[in-house]
Amino acid sequence: MAANVPWPTPRFETRPHRIGVAIHSVCKQGVWAEAGMSDFEGKDWFGEEQPPGPAPALPRPAPPPASAYPPSGYPPPPSGYPSPYGYPPPRRTNRAAAWWIAGGTLLIVAVFAFPAIIAVVLSSSDSSSDARSSSDEWVVGKDIQPGVYRADATNEMGCYWARRRKLGGRGGIISADTSRGQAIVEIVESDVGFTSVGCRAWEPYVPPEATVDNFDDGDWAVGEQVEPGTYVADDAPDGCYWEQAIGFRHDLGDLRRNQFLEQPEPQSVTLDTGERFSSKNCGTWRRA
């Protein structure tokens, strides 16, 4: 093999589609093993005569005219870029507009929410002026003293109350009830707390000056609010419940007689002085 023989310059860019054919031919015929390097002097990879000197530069396509680009407002790509649509347009953000939108949204929310906030503040101030009203929890002996109290329901859902042996949580209930009319409850010294929901102000019970001979649902003191005697509920519907008991602690042991209707049926009950009569969903009771 001749020494210092320059390596033939391959012209890959002129015939790229023949590279695979040439490599296959070289490997198959063993040209590198059998032929000397002098056989390739002055020739390219494919055995063709090669003019002396460096390979000529490849011609590059002229850039497309400016009219070939869409009117996007962005500068055209540099010369020779393969596609006029190859450049992704830069992302533009209008921060000033975003701040204006956010500020306007907050202003609208503040304008509409301001009356509601004022109403809540006023209602809370009104309820705080009443010591024992609406829904709350009180400590017996501190917030509310033992005694017999009366309150009316604030809505059709009824007045719910509970005597408790401990505060907080769902446990610790001594007795509880819900009344759609007036509620009368006796709180004793051994009670730890008292809770009510949906009730008006709890006031110490004071017997009225006169009794009535017909009444609706609720707790009633026989002999003080209601005349003793026999009373009937002609249109008692299904779901009507009534009970006769001793006192207003609403303990289960104080119960004397009760009735729950699974279907509409007229009801009759005889009330005695000194007992409590409670009625739910029974309509009007009238003296027989």
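In the range 220-229, is there at least one residue being in a loop (DSSP other than H, G, I, E, B) and free of Cβ contacts under 8 Å to residues at least 24 places away in the same chain? Please lay out each step first, then the result.
To start, the set of residues in the range 220-229 that are in a loop (DSSP other than H, G, I, E, B) comprises 223-225, 227-228.
Those still in the list that are free of Cβ contacts under 8 Å to residues at least 24 places away in the same chain too: 224-225.
Yes.
A quick yes/no check of all residues on (1) under 20 Å from C282 (Cα atoms); (2) in contact (Cβ under 8 Å) with a residue 40 or more places away in the chain:
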site	(1), (2)
T154	yes, yes
C159	yes, yes
I173	no, no
S179	yes, yes
Q182	yes, no
E189	no, yes
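Determine which single condition F260 fails, assuming it passes every other condition in (1) hydrophobic (A, V, I, L, M, F, W, C); (2) loosely packed, with under 12 Cβ neighbours inside 10 Å; (3) without any contact (Cβ under 8 Å) to a residue 40 or more places away in the chain.
F260 satisfies every listed condition except (2).
Which residues, taken from the range 248-283, are under 44 Å from the mean Cα position of the chain (by Cα), under 26 Å from E186 (Cβ atoms) and part of a loop (DSSP other than H, G, I, E, B)?
Scanning the range 248-283 gives F248, R249, H250, D251, N281, C282.
Going by what's in this entry, would V197 be described as outside the structural domain of Q145 (by TED's automatic domain parsing) and either touching a residue at least 24 places away in the same chain (Cβ under 8 Å) or among the aromatic types (F, W, Y) (or both)?
no
Determine which member of the set A233, A201, A210, A221 is within 28 Å of W138 (Cβ to Cβ) and more than 43 Å from the chain's Cα centre (by Cα).
Matching residue, one of A233, A201, A210, A221: A221.
The values are calculated or read from the model by the stated rules, or taken from the named source; none is laboratory data. Keep in mind it's a predicted model, so treat the numbers as computed, not measured. Backbone-built Cβ (ideal geometry, glycine too); neighbour counts: all protein chains shown.
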